[in-house]
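For reference, the structure discussed in these notes is given below.
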Amino acid sequence: MVILFLLIAVLFGYMIAISFRQKKPFFSQEPPQQGSLSPQNPSYLEDKIWYETELDFLFKFNEKLISAFGLQDAVRCITEAAHNFLSIERTVFLTWDKNSEQFTLACAMGWCRDRSQSPLVIGNDSISGLVIHNREALVVADLSEESYLNKLNKEEYLQKAFISVPVIYKNEVLGVLHVCDKKAPGPFTQREASVVMSIARVGAITLQNVRLYEQALKRAEELRIAYDELKEMQDKLTQMEKLKAIGQLASGVAHDMRNPLGIIIQGVSYLEQLIPSAEKEQLETLSMIMDSAQRADGIVVSLLDFSRATKLELYPENINSILENCLNLVKTELKHVKVIRQIQEGLPKVSVDKNKLMQVFINLFMNAAHAIVGNGELTVRCFLKKMEEVIIVEIEDTGTGISEENLKRIFDPFFTTKGPGKGTGLGLSVSQNIINLHKGLIEISSQVGKGTKVTVTLRISK
Amino acid sequence: MGKKKILIIDDEDNFCNLVKKNVEKTNEFEVYVATNGNDGIKLIKVVKPDLILLDIMMPGLDGGDVVSLIRSDSSIKDIPIVFLTSLVRKNEAGAGFTKGYSLLAKTVTVGELIACIKKNVRG
């Protein structure tokens, strides 16, 4: 009885051993074999170990995938997971572009393309194409034996055994994951295929999320740019409305102010002729009245310039000679300043309104002259930027400079840092208007105590 | 040789009178004054000035109307005109209906005014 029992036990043990050894290789043509999780199943122990390992792996893979930063990182994480878990020779991830109907190499491990070759792009007449067409995994034991696959365009990483899995989220194909040749010889098992499929499924969800996130970011960026543009446009419109209103006011004020100013100037001139030259005090008084009237007229002229800076009379002009004319006109104001000219000769002519541009340069030279206390330098540069087809005029002084706070408001109408009666605050505003009308650019940079640089960019006439 | 005749047409009579005094002080010109466009046209026909100083913005006939009337009358159409206006910087070339004429700011100095008259006066 005991012997019989022992015999039965040995036979049972042998059968278990046989069943472990007889694990059949999995081929795509064979129906999938699933191990039962029943303790009564002979392969229960092996299955349990496998599932625990797989579960642990997928859990860790999932953790890693969640923390992937960006599409490329997620793709790398998926490829790496498949490659390392199964100990594979080559693992390749291709992304699918539905618009061009082409695959692009996104990540590869254990396989490297010659860098001199153009980027890898694969059409849908390939094994990858077949996989996404069928929307199911393809497991091949030996490619050379699959004649129907050999008719397709060759993908050099697919050599012998491989698992190709479509990466699909809902109905959208995102790519294909190729796991090619195990390091240990032999074909892929069903379990290995199902791990690759799990990787692809989990990966697809993450890829889709990353894609959506990146699209959302892109959209947010587009919205931000659109908002900024709209805001800028609105600011411009507000500024234009403001300028228009100031312009109307300015021309009205100019007209009403100049009639009495004209009378004062004519009257003082008349009296000056009547008063004998010996009456110095009276003549001095008249001279003061005349100076004040002229100063008031200067303010009116600024207002007029402001209201009239709306249209240009353009002719091809030589910017260097305009600059030289302006420097000549303000040489008295620049007596205390050393003027350095860095002028490029033979510049092409620029289509400008000479009088208005002179107004700008004179204004900038006068500002520099006022900013330089004691002795200082004024550097005037004029040069061509051939590539951009522009002429640059730089006017740089070693004056007191402008604070950051004031720099922000420097082009605002009526903003001035000069003392009462010394500036209308319209000079730079008018200058900016004039340069804008020329479709040019005026920029100011400054450092308190070091000086100010104004850069005027003008397009070359064609 | 007699003095050249200048006619100033401007609705600011104080301005006109002071201009008259200053210009006549040179002893080269005789200045006539009209303080509106209608009087100006009448006076042009009577005086036949050698130059007209003409304001642009006036009630009634403004500078533009006066120019049209002058240019449509062959007996006076060749009289030189200098516009006096508040709406120019100092001394500018005209545009629009003032095209071809000199434009002077009302705040010019007497010296500039006389120089402009001498430059433009007929004969």
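Add +1 for every Lys or Arg and -1 for every Asp or Glu among the other residues with Cβ under 15 Å from the Cβ of A:ASP181, and state the total. Here the charged neighbours net out to -3.
Among the listed pairs A:LYS242/B:LYS21; A:LYS236/A:LYS385; A:LYS354/B:LYS25, a Cα-Cα separation exceeding 32 Å is found for A:LYS242/B:LYS21; A:LYS354/B:LYS25.
Taking amide H positions as modeled 1.01 Å from N, with prolines and chain starts lacking one, the residues under 5 Å from A:GLY175 and 5 or more places away or on another chain are A:TRP96, A:VAL167.
Farthest toward the positive end of the dipole of the protein assembly as shown, out of A:CYS112, A:GLN234, A:LEU158, is the Cα of A:GLN234, where the dipole comes from beta carbon charges about the Cα centre.
Look at the dipole of the range A:61-192 built from charges on Cβ: of A:ALA81, A:VAL131, A:SER100, the Cα furthest out on the positive end belongs to A:ALA81. Neighbour counts of other Cβ atoms within 10 Å put A:THR79, A:THR53 in the fewest-to-most order A:THR53, A:THR79. Given +1 at the Cβ of Lys and Arg, -1 at the Cβ of Asp and Glu and no other charges, the dipole of chain A around its Cα centre is 240 debye to the nearest 20. Of all aspartates and glutamates in the structure, the ones whose alpha carbon falls short of 18 Å from that of A:LYS338, not counting any fewer than 8 places away in one chain, are A:GLU324, A:GLU377, A:GLU394, A:GLU396, A:ASP397. Dividing the alpha-carbon radius of gyration of the range A:316-462 by the rule-of-thumb value 2.2 N^0.38 Å gives 1.00. Rounded to the nearest 5, the antiparallel percentage of DSSP beta bridges internal to the protein assembly as shown is 70%.
Of all trypsin sites (Lys or Arg not before Pro) in the range A:273-363, which ones are in loop regions per DSSP and have a Cβ with at most 16 other Cβ atoms within 10 Å? Filter output for the range A:273-363: A:LYS311, A:LYS331, A:LYS335, A:LYS349.
Counting neighbouring beta carbons within 10 Å and listing from fewest to most, the residues A:HIS178, A:HIS336, A:HIS255 come out as A:HIS336, A:HIS255, A:HIS178.
Please work out whether chain B counts as rounded, prolate or oblate from its C-alpha gyration tensor, where a ≥ b ≥ c are the square roots of the eigenvalues and a/c under 1.5 means rounded, while otherwise a/b larger than b/c means prolate and anything else oblate? It comes out rounded by the Cα gyration axes. According to the calculation over all Cα-Cα pairs in chain A, the P(r) per 20 Å bin from zero is 17, 27, 17, 20, 12, 5, 1, 0 %. With 32 Å as the limit on Cα-Cα distance, the pairs of A:LYS356/B:LYS45; A:LYS64/A:LYS183; A:LYS64/A:LYS170 that go past it are A:LYS356/B:LYS45. For the range A:346-433, chymotrypsin sites (Phe, Trp or Tyr not before Pro) meeting the loop criterion (DSSP other than H, G, I, E, B) and having at most 14 other Cβ atoms within 10 Å: A:PHE414.
Treating cross-link reach as a plain straight distance, find the aspartates and glutamates whose alpha-carbon is under 15 Å from the alpha-carbon of B:LYS77, omitting any fewer than eight places away in the same chain. Counting by Cα, and skipping residues close in sequence, B:LYS77 has these aspartates and glutamates nearby: B:ASP50, B:ASP65. The magnitude of the dipole of the range A:209-330, with charges of +1 and -1 set on the Cβ of Lys/Arg and Asp/Glu and taken from the Cα centre, is near 640 debye. Sorted fewest first by neighbouring Cβ atoms within 10 angstrom, A:ASP353, B:ASP55, A:ASP297 come out as A:ASP353, A:ASP297, B:ASP55. Each Lys or Arg adds one and each Asp or Glu takes one away; over the other residues whose Cβ falls under 15 Å from the Cβ of B:LYS45, this sums to +1.
Please sort by residue number the trypsin sites (Lys or Arg not before Pro) in the range A:175-268 whose DSSP state is loop and whose Cβ has at most 12 other Cβ atoms within 10 Å. When the trypsin sites (Lys or Arg not before Pro) of the range A:175-268 are filtered for loop state and at most 12 Cβ neighbours within 10 Å, A:LYS183 remain. Taken about its Cα centre, the range A:292-413 carries a charge dipole of about 200 debye when Lys and Arg each add +1 at the Cβ and Asp and Glu each add -1 at the Cβ.
Computed over the range A:71-203, the alpha-carbon pair-distance distribution with 10 angstrom bins reads 13, 49, 34, 4, each value a whole percent. With the charge dipole of the range A:285-346 set up from +1 on Lys and Arg Cβ and -1 on Asp and Glu Cβ about the Cα centre, the Cα lying farthest toward the positive end among the listed residues A:VAL301, A:ILE340, A:LEU327 is that of A:ILE340.
Read-outs: derived from the displayed coordinates by stated rules, not from any lab. This one's a predicted model, so the numbers in the text were calculated from it and none came from an experiment. For neighbour counting, all protein chains shown are included, and Cβ atoms are generated from backbone atoms with ideal geometry for every residue, glycine included.
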